[in-house]
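No value in this document is a laboratory result; all are computed from the given coordinates. A quick note: this is a predicted structure, and the numbers were derived from the prediction, not measured. Glycine gets a Cβ as well: all are built from the backbone with ideal geometry, and neighbour counts include every protein chain shown.
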Amino acid sequence: MIIRNELVLVVFLLLIGGCVQVGQDIGSTPSAISPTVVFVPSDSSYLLACVNELQGLKQNDFDRYSGEAAIRLEGGDDKDTLQYICLTLHQRADYKLFKQGEKLLRRYIKEHPDTSDSMQGLLVLLKQLEEAMVKRSTDRKKLLDERGEQAEQVETLLLQTKQDQERIQELQSQIDELKNIENIIKNRER
């Protein structure tokens, strides 16, 4: 019974005092242990950060990096795949490389069904970017074709102008000759 009373007393004291280590100063501030927060970026944020980092890349560096990334891609991990996709999104990437990156991104999303919706959103943006690239290319070709047609028209007009000037000079010569003949006839009649 005495043990039971002592046990009840200990439990009662613990409830009143809270969970305090023996010898701990209750009035002092807690030790400076702060929780560590580990942030693992999503695949889409990794890709966007990579695109941002590579913005000012020169053509030689881009060619070297994309060659190295293509080699690592064959036996690499997910990070290598994402790095290669990042390079295919660079402004120096041609359309063929861009399409390879889009295909690789589709495969990556298919192989990683747990990827966030942001990767799907990135894929939608890539599709819109592709449409803009195709439109730009089509518009550029159309503009170059129009420029060629206009250059031909200018050349034709210049040739026609030259011929017209020669005809004008010829007619002016004939007019001058007729005036001379007229003057000669007038002078004979006098």
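Electrostatic tally near Arg140: other residues with Cβ closer than 13 Å to its Cβ, Lys and Arg +1, Asp and Glu -1, net +2.
Listed from fewest to most Cβ neighbours within 10 Å, the set Thr161, Thr88 follows the order Thr161, Thr88.
Across the range 119-133, coupling constants 3J(HN,Hα) worked out from phi with the 6.51/-1.76/1.60 Karplus curve, θ = phi - 60°, read 5, 5, x, 5, 5, 4, 4, 5, 5, 5, 5, 4, 4, 5, 5 Hz, and Gly and Pro carry x. Decide, for the range 43-136, between rounded, prolate and oblate: order the square roots of the alpha carbon gyration tensor eigenvalues as a ≥ b ≥ c, take rounded if a/c falls under 1.5, and otherwise choose prolate if a/b is larger than b/c, else oblate. Oblate, since a/c reaches 1.5 and b/c is not below a/b.
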